[in-house]
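Read the structure below first, then the notes.
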Amino acid sequence: MDNLFEITDLYLQYQSTKRVSGQVEKVNALNGVELSVRRGEILAIAGESGCGKSTLARAVIGLEKFNRGSICFEGHNIAEFSPEQMKTFRQKVQMVFQNPYASLNPKMKIYEILEEALVINTKYSKSERRDVILEKISQVGLDETCLEKYPHEFSGGQRQRIAIARALVLNPVCIVADEPVSALDVSIQAQIINLLNDLKEKYNLTIIFISHDLRVIKYLADRVAVMYLGEIVELSPAKELFEHPKHPYTKALLNAIPTFEKKKAQITLKGDLPSVTDLPLGCKFHTRCPEVMDICRTNHPVVDELKGNHCVRCWLYHTLD
Ligand code: SF4
């Protein structure tokens, strides 16, 4: 499987609206992200709110300017794209947002919403556009009667289906879905997750799935990257991660999932995420880690690759060469 994206040493810092002692605070949103996204996989990015996962998603689709590092798409650095290349890139990589209520223009009919992207980005005739729209709306499980309605006439789940249809009309190779089911009822969540899975199979789509909900991720993902304070602390095939979590932070996240079964990992997450304007030295998780050692407070852990394509950034797993 080849890599669709290669993200290398990615740093993104922006200025906060707050001032401390007259100085503008700097928010360290991404702190050296290294990640590859394989073509045709569902890669989930997990972590608490504020860990940087949505910022990473926005950087990947070219909506955030980063300070250092690179994002390569199909082998080309997106920071060096010409306006024309960026336009093509934006067709190939589409985003689905968390809130289907806010992401659809309330003044436009569904047909107009879906047609807009085709008018802007393609030279399709009116009848070709109609064919594409009918095909995509049926593939997300809706029928053509919905096309003459407005977004407010639909439920949350139906609106998210429409948002997915809008992402599909340009035949993308990748969809970046930022918490696409967290605003939906649990019963509807399952339908949208099944839909994404079906679409991945049908179109060999790559899906970058951002979520704080590990139950959803377990059901859907091929691989999982766990983020903490703007860096990836664990990356693994999903089955391996859920059966054999390594990083204390991942274990704590898994332990926080409500279940009636006996839990394997007994680490409880204490305290809040440290401020992104003042990152801890050493391991960024050391202020909350129940397994902290002296080295963790001063030295930033390196990434070690364990068996089963399982990578972890934690001194507990580092063996000196
Ligand atoms: Fe905990 Fe140390 Fe591992 Fe960080 S490096 S997760 S503080 S054991």
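Against the globular-protein guess of 2.2 N^0.38 Å, express the Cα radius of gyration of the chain as a ratio, rounded to two decimals.
Here the Cα radius of gyration is 1.05 times the empirical estimate.
What's the extension gain from residue 49 to residue 268 if we count 0.36 nm per residue and subtract their Cα-Cα distance? Kindly include the intermediate steps, with their values, before the conclusion.
Working: separation 219, 0.36 × 219 = 78.84 nm, distance 1.70 nm.
Extra length available between residue 49 and residue 268 comes to 77.1 nm.
Under 5 Å between amide hydrogens, which residues at least 5 positions from residue 306 or on another chain qualify, with H placed 1.01 Å from N in the peptide plane?
Those qualifying (amide H under 5 Å, at least 5 residues apart or on another chain) are 311, 312.
Over the chain, average the accessible area per residue using a 1.4 Å probe and give it in Å², no decimals.
Values: 15980 Å² over 321 residues.
Normalised by residue count, the accessible surface of the chain is 50 Å².
Could you work out the helix-only [θ] at 222 nm for the chain, with each DSSP H run of four or more residues adding -39,500 (n - 2.57) and the total divided by the number of residues, to the nearest 500 deg cm²/dmol?
It comes out at -9500 deg cm²/dmol, rounded to the nearest 500.
Can you compute 3J(HN,Hα) from phi for each residue in the stretch 57-64, using the Karplus curve 6.51 cos²θ - 1.76 cosθ + 1.60 with θ = phi - 60°, rounded to whole Hz and x for Gly and Pro?
Values, residue by residue: 4, 5, 5, 4, 8, x, 8, 10 Hz.
Could you pull out the trypsin sites (Lys or Arg not before Pro) across the stretch 1-94 that fall in loop regions by DSSP (anything but H, G, I, E, B) with no more than 16 other Cβ atoms inside 10 Å? Please report the intermediate quantities before stating the final value.
Details: sites: 18, 19, 26, 38, 39, 53, 58, 65, 68, 87, 90, 92; in loops: 39, 65.
Answer by residue number: 39, 65.
Suppose each label sits 7 Å from its Cα in the direction of the beta carbon; what would the residue 127-residue 298 distance come out to in nanometres?
7.6
If you line up the long axis of helix 126-139 against the longest principal axis of the chain, both from Cα atoms, how many degrees apart are they, to the nearest 10?
The two axes meet at around 50 degrees.
Using only the alpha-carbon atoms, how far is helix 186-203 inclined from the longest principal axis of the chain? Give it as 0 to 90 degrees, nearest 10.
80
Hey, rough spin-label estimate for residue 278 and residue 82, points 7 angstrom out along Cα→Cβ, what's it come to in nanometres?
Here the modelled spin labels are 4.9 nm apart.
Quick check: with the 1.4 Å probe, what order do 273, 114 take by accessible area, largest first? Before the final figure, lay out each step's value.
Numbers: 273 45, 114 0 Å².
Output order, biggest surface exposure first: 273, 114.
Exactly which GluC sites (Glu not before Pro) in the stretch 16-104 are in a DSSP loop and have at most 15 other Cβ atoms within 10 Å?
Details: sites: 25, 34, 41, 48, 64, 74, 80, 84; in loops: 41, 48, 64, 74.
Answer by residue number: 74.
Could you list, by residue number, the cysteines of the chain that have no other cysteine's beta carbon within less than 4.7 Å of their beta carbon?
Here 51, 72, 146, 174, 289, 311, 314 come out as lacking a disulfide-compatible partner, given the Cβ-Cβ threshold of under 4.7 Å.
With each label point set 7 Å from Cα along the Cα-Cβ vector, what nm distance links residue 152 and residue 190?
Those two pseudo-labels are separated by 3.2 nm.
Over the heavy atoms of residue 14, what accessible area does a 1.4 Å probe trace out, to the nearest 10 Å²?
Accessible surface of residue 14 is approximately 100 Å².
DSSP loop trypsin sites (Lys or Arg not before Pro) in the stretch 266-315 with at most 11 other Cβ atoms within 10 Å of their Cβ, which ones? It would help to have the intermediate numbers written out before the result.
Numbers: sites: 270, 284, 288, 297, 307, 313; in loops: 270, 284, 288, 307.
Answer by residue number: 270, 307.
Arrange the residues 227, 95 by how much accessible surface each exposes, largest first, with a 1.4 angstrom probe. Numbers along the way, then the final one.
Working: 227 0, 95 25 Å².
Ranked list, largest accessible area first: 95, 227.
By accessible area of protein heavy atoms, probe 1.4 Å, what ranking do 244, 286 get, highest first? Walk me through the numbers on the way to the answer.
Working: 244 90, 286 30 Å².
Greatest to least solvent exposure: 244, 286.
Whole angstrom only: what separates the Cα centroid of the stretch 77-96 from the Cα centroid of the stretch 204-236?
A separation of 23 Å, based on Cα centres.
Taking all protein chains as present, what is the carbon and sulfur share of the accessible area of the stretch 3-320, in % to the nearest whole number, probe 1.4 Å? Let's see the in-between values first.
Values: 7640 of 15540 Å².
Carbon and sulfur together cover 49 percent of it.
Mind pulling the angle between the C-alpha long axis of helix 110-121 and the longest principal axis of the chain? Nearest 10 degrees, somewhere in 0 to 90.
So the inclination is approximately 80 degrees.
Assuming R0 = 22 Å, what is the FRET efficiency of residue 213 and residue 112, from their Cβ-Cβ distance, to the nearest 0.05? Could the numbers behind the result be given before it?
Values: r = 33 Å, r/R0 = 1.48.
About 0.10, to the nearest 0.05.
The values are calculated or read from the model by the stated rules, or taken from the named source; none is laboratory data. Keep in mind that what you see is a predicted model, and the values were worked out from it rather than measured. A quick note on method: Cβ atoms are made from the backbone with ideal geometry, for glycine too, and the neighbour counts reach across all protein chains shown. The accessibility values were calculated without ligands, DNA or RNA, using every heavy atom of the protein model including side chains. Shrake-Rupley method; radii C 1.70, N 1.55, O 1.52, S 1.80 Å.
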